[in-house]
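Values in this text are rule-based calculations from the coordinates and carry no lab data. None of these values were measured; they are calculated from a predicted model. Here the Cβ positions follow ideal geometry from the backbone for every residue, glycine too, while neighbour counts run over all protein chains shown.
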Amino acid sequence: GSRIGILGGGQLGRMLAVAAGRLGMEVEIFEPASEPCAAQVATRVTRASYEDVGALRDFAARIDVATYEFENVPIGAVRVLGDLVPVRPGMRALEVSQDRIIEKDFLSGIGLATAPYVAIDDFGDLTAALGRIGAPAILKTRRFGYDGKGQTRLSDADEAPAAWETLGETPSVLEGFVAFEREISVIAARGMDGQVVAFDPGENRHEDGILRATTIPAAIPNGLAQDAVLLAGRILNALDYVGVIGVELFVTPSGLVVNEIAPRVHNSGHWTQDACLIDQFEQHVRAICGWPLGDGSRHSDAVMTNLLGEEVYAVEEMTGAAVHVYGKGTARPGRKMGHFTRLSPRG
Ligand code: ATP
Ligand code: MG
Ligand code: MG
């Protein structure tokens, strides 16, 4: 059997652990915070800091393969583990997705379209970049942003001082605002043997920078859906990737623009739990364990909706949907507490 170690104990770790458990595997969670929600379903939990080399070594000794459920996992911890046990996806995927400039350089380097972007290190860079890119634009921190945190929009160049202050005068990227028709994402996987598979692209609706709902299939022509899948495959191959990736795309009149990549299972892929024979979590487990990838074809159309904050308290009433509750503590506004998926016959 395989013993899997997961860095991070949030809902993605939890759902990975459930999938691995179903395949008969043991799962150990490594998480510094107290009461990680993944602990409720894991075989074992190590609560220690990512700087605790001894704890990381002990963790490595108890597992066959390590993975992570968030891209901001400290790279030093991954290095310590990587000397002792395979970590999948590998270091390159982490480096690329932890820093928005490295990420965009990588994507444009393999010939993919991104929003126009300029690296910002000081306020002078920002005013110069606004001169080049123009407004509207989005200023994002290079690192650690998620759920729309660490970014601010500029509708006019005179908002530069306020935007720079809002982000905390930290290394950033200025992106041109992409006038997209819709947002889609591709959840794809690459196995140890280089095999690539992808789930059908879904259409994403965000509110206040947080994913609200994903609809499958995306309302796009087949050719564009195929382009999106091929593009995800190019990213996977270029990173020599093993595991599941989420690729967020803007659909524009001139084609697909890559917004960002997430080197992990992805919120916009949760619909696969209920609409596919094999979901993104099992696919990830299969990939990192060196198993052949599964049949991820879709038997239904689906709409997945996130339960944010206190919305989670309404789950008992949802008798016509597949409900998933993460078992997280405080239902703070905007916090992802669960999701539900409604199915309809495949159109
Ligand atoms: P996630 O939780 O997906 O990791 P994040 O905090 O990393 O989110 P982004 O995905 O970069 O943030 O941006 C959040 C949302 O803001 C996007 O899904 C999109 O709706 C909007 N957005 C981001 N960048 C741009 C852009 N350059 N042009 C237009 N809209 C954008
Ligand atoms: Mg992101
Ligand atoms: Mg995003």
Checklist entry - Just how large is the dipole of region 1-134 about the Cα centre, in debye to the nearest 20, putting +1 at every Lys and Arg Cβ and -1 at every Asp and Glu Cβ? => result 480 debye
Checklist entry - Which length gain, in nm to one decimal place, applies between residue 179 and residue 47 when the Cα-Cα distance is subtracted from 0.36 nm times their residue separation? => result 43.1 nm
Checklist entry - Of all GluC sites (Glu not before Pro) in region 141-170, which ones are in loop regions per DSSP and have a Cβ with at most 13 other Cβ atoms within 10 Å? => result 169
Item to check | Magnitude of the charge dipole, region 223-347, Cβ model with Lys/Arg +1 and Asp/Glu -1, debye to 20 | outcome: 160 debye
Next on the checklist: Projecting each Cα onto the charge dipole of the chain (Lys/Arg +1, Asp/Glu -1 at the beta carbon, about the Cα centre), which of 330, 176, 216 comes out farthest on the positive side?
Outcome noted: 216
Checklist entry - Counting each DSSP H run of 4 or more residues in the chain as -39500 (n - 2.57), what helix-only mean residue ellipticity at 222 nm follows after dividing by all residues, to the nearest 500 deg cm²/dmol? => result -8000 deg cm²/dmol
Item to check | region 116-176, relative contact order in percent, only Cα pairs under 8 angstrom and at least six apart counted | outcome: 50 percent
Next on the checklist: Compute, for region 116-176, the length of the dipole vector about the Cα centre, with Cβ point charges of +1 (Lys, Arg) and -1 (Asp, Glu) only. Units Debye, rounded to 20.
Outcome noted: 280 debye
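Highest mean first, how do 180-188, 66-74 rank when packing is the count of other Cβ atoms within 10 Å averaged over residues?
Packing proxy ranking, top to bottom: 180-188, 66-74.
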